[in-house]
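Working notes for the structure below.
The values are calculated or read from the model by the stated rules, or taken from the named source; none is laboratory data. Keep in mind that this is a model prediction, so the values were computed, not measured. Neighbour counts run over all protein chains shown; Cβ positions are idealised from the backbone, glycine included. Only protein heavy atoms, including side chains, enter the accessible area calculation; ligands, DNA and RNA are left aside. Shrake-Rupley method; radii C 1.70, N 1.55, O 1.52, S 1.80 Å.
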Amino acid sequence: MASRPELQNPPEIYYNETEARKYTTSSRIIEIQAKLTERALELLALPDDGLPRLILDIGCGSGLSGETLSEKGHIWIGLDISQAMLDVALERETEGDLILSDIGQGLGFRPGTLDGAISISALQWLCNADKSCNDPRQRLKTFFNSLYQSLSRGARAALQIYPQNAAQLEMISTAAMRCGFSGGLVVDYPHSTRAKKYFLCLICGPPNLNSALPKAKLGMESDESGSEVDSDNDEHTVTVLERQRPSKKRKVEKKVKGRAWVLKKKEQRRNHGFVNVPRDTKYTGRKRKAHF
Amino acid sequence: MRLLTHNMLACNIKGVTNGFPLGIDATRVETKEVEMNPDFLKHIFPKLRWEAFRAAAHSLGIDNLPEQVDSNMLLDEEFLQQFHHALLEVHLEEGALICPETGRRFPVSKGIPNMLLNEDEV
Ligand SMILES: C[S@@+](CC[C@H](N)C(=O)[O-])C[C@H]1O[C@@H](n2cnc3c(N)ncnc32)[C@H](O)[C@@H]1O
C-alpha cells in the first residue's frame, strides 16, 4: 500500500501537474469529490429558500467540489495552495473565483462576510510539519481563528477530513473548538473502514436551538448505485465529540428567571393536569441568598 | 477575480491592522456575462463596503456606480443591472492587489491573485 500522500511531500509539491491531471480524468475521483461535496452542503444546513449564498471552498483544488456548489446555485470563492490544481480549475472554467493561498497562514477575509464554508479532503494537510517554519498546532489555530472571523454569525463550516489517526483527529477538532466554534464531528458509515467519512461541522457562535448537529449516516454505503441506507432510527446517531464552548463563557450568560416566569410555568403544569404543583405564595420565585 | 471577491478580501500580513481595501493595479480586465440574480444582490448588498466597491470598479474602468446608495435602490432595474455587472461580470485578469498599509503587492495572473505570504509575513 502506498504511504499517505501527506507523508510524502508538502501539498504544493504533491499536487503537481500529474496529480492534478487525475482530477479531470479519473471518474472515480470525480465521483467521490462530488458526493462528499453534496454531503458537506447538506451538513451546512443552509435555509431552504433557494437563495444563492456566498460559500468558501477551502482547498478547492481543481474545482470539482466547486462545480457541485455551482450546480446548487451558490456563488463561491476557492482557496488552494497548488497552482497546478488551480490551473486545472481554470481549464475546467469553473464559476468560482480562485485564490492561491496557504490556509495555514490564515484566511484574508473581512469579518462576517461568508455565508458558509466547505472543505473536501484538505485539512489533514495542515497537520504536517513539512517545512521547518510549519508548526501544525500554530497553523491550525491561525486557520480556525480566521475562519471563525470570516463567517457571519450562525454560519456553518462543513469540513471533510481524512485524519491519519485518532490523535490527528483530536488535534484538528480541539483546535477548532478552542477558537469559539460550537458543533462537533459527524462520522458517516462508522462501521465500514472503507466508507467511513469524518465531517467536522462547525457553527460560528454559541449553540442555540437551531444549532443541533446533523445526523450521521449509518448502514452501508453502496458504491455502485450511490444509494445510501440512511438510519431510520433517530437514536442511532453517531455524532461524537459534540462539544460546546468552554463553560467559563457560558456562565456569564446564565440569567435568573423571575417570578412571572415561575408563575407561568406552574400555571402551565397545572393546565397539563399535574396535581403536585406547589401553590403560589408570596415566596414564589423570590430572590434567594446563595448558599455554599 | 470578481469585485465581489475583492470586496471581501483583506491583507492578512502579520501586524497589518487595516488591510482593507486592497488597491488594484489592473493591466488586463475581462467581462464574462452571467445571469443576474436579484435575490443574491439583495442578500449581499448589506455586506458590501460600497465606497471600496465603487473605487475598485473605477480602477477597472467602470464609472457608472452612484456614490450614495441605500437598499431602496435595489428595486430599480437599471441600478441592479449596473450593480450586477460591476460585482459579478467584470474580472481582474492580470495585475496586482496592493496592501493599503504596507504597499506589498500581490500579483494577479490568469485571474488568480497570489496571496501566499513569505515566512516573515506570517
Ligand atoms: C484532495 S484535494 C481536494 C480537491 C478539491 N476538493 C477538488 O474538487 O478538486 C486537497 C486539496 O487541498 C489543497 N491543500 C492542501 N494543503 C493546503 C493549504 N495549506 N492551503 C490551501 N490548500 C491546501 C491541495 O493543494 C489540494 O488541492
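Provide a single number: the residues in the range B:38-54 that are within 11 Å of another protein chain (Cβ to nearest Cβ) and either assigned to a strand (DSSP E or B) or of a type in the set (F, W, Y) (or both).
Our first condition is that a residue be within 11 Å of another protein chain (Cβ to nearest Cβ); within the range B:38-54, this holds for B:38-44, B:46-49, B:52.
Subsequent filtering for residues that are either assigned to a strand (DSSP E or B) or of a type in the set (F, W, Y) (or both) retains B:40.
Selection size over the range B:38-54: 1.
When you look at B:E101, is it in contact (Cβ under 8 Å) with a residue 24 or more places away in the chain, among the acidic types (D, E), within 11 Å of chain A (Cβ to nearest Cβ) and more than 24 Å from B:L65 (Cα to Cα), yes or no? Even if it seems obvious, please write down each step before you answer.
Working: in contact (Cβ under 8 Å) with a residue 24 or more places away in the chain: yes; among the acidic types (D, E): yes; within 11 Å of chain A (Cβ to nearest Cβ): no; more than 24 Å from B:L65 (Cα to Cα): yes.
When the stated conditions are applied, B:E101 does not pass them.
Considering each of A:L54, A:L69, A:L90 in turn, give the residue that is away from the ligand (no atom under 12 Å from the Cβ), within 26 Å of A:S150 (Cα to Cα), modelled with pLDDT of 95 or more and within 20 Å of the chain's Cα centre (by Cα).
Every option except A:L54 fails the conditions.
If B:H58 satisfies every condition in (1) away from chain A (no Cβ under 13 Å); (2) surrounded by 16 or more Cβ atoms within 10 Å (Cβ to Cβ) but one, which is the exception?
(2)
Return yes when A:L114 is closer than 15 Å to B:P113 by Cα, within 8 Å of chain B (Cβ to nearest Cβ) and aliphatic (A, V, I, L, M) and no when it is not. Spell out how you get there, then give the answer.
On the way: closer than 15 Å to B:P113 by Cα: no; within 8 Å of chain B (Cβ to nearest Cβ): yes; aliphatic (A, V, I, L, M): yes.
No.
Among what's in the range A:72-87 and is more than 12 Å from the ligand (Cβ to nearest atom) and at the interface with chain B (Cβ under 7 Å from one of its Cβ atoms), pick the residue that is farthest from B:V34 (Cα to Cα). Show your work before the answer.
First, the residues of the range A:72-87 that are more than 12 Å from the ligand (Cβ to nearest atom): A:72-75, A:77.
Still in the running and at the interface with chain B (Cβ under 7 Å from one of its Cβ atoms): A:75, A:77.
Working: A:I75: 12, A:I77: 16 Å.
Among them, the one singled out is A:I77.
Among A:L126, A:L159, which is the only one that is closer than 23 Å to A:R39 by Cβ, in contact with a Phe, Trp or Tyr (Cβ under 8 Å, 6 or more places away or on another chain), open to solvent by less than 20 Å² (accessible area, probe 1.4 Å) and not in a strand (DSSP E or B)?
Being closer than 23 Å to A:R39 by Cβ, in contact with a Phe, Trp or Tyr (Cβ under 8 Å, 6 or more places away or on another chain), open to solvent by less than 20 Å² (accessible area, probe 1.4 Å) and not in a strand (DSSP E or B) holds for just one of A:L126, A:L159, which is A:L126.
Between B:E35, B:E77, B:E67, which is within 14 Å of chain A (Cβ to nearest Cβ) and either touching a Lys or Arg at 6+ places or on another chain (Cβ under 7 Å) or exposed (fewer than 14 other Cβ atoms within 10 Å of the Cβ) (or both)? Show your work before the answer.
Working: B:E77 fails: within 14 Å of chain A (Cβ to nearest Cβ); B:E67 fails: within 14 Å of chain A (Cβ to nearest Cβ).
Within the list B:E35, B:E77, B:E67, the selection yields B:E35.
Of everything in the range B:1-18, what is more than 7 Å from chain A (Cβ to nearest Cβ) and of a type in the set (G, A, S)? Give them in sequence order.
B:G15
Residues A:I161, A:I120: which one is touching a residue at least 60 places away in the same chain (Cβ under 8 Å) and closer than 22 Å to A:N9 by Cβ? Let's see the steps before the verdict.
Working: A:I161 fails: touching a residue at least 60 places away in the same chain (Cβ under 8 Å).
Answer to the selection: A:I120.
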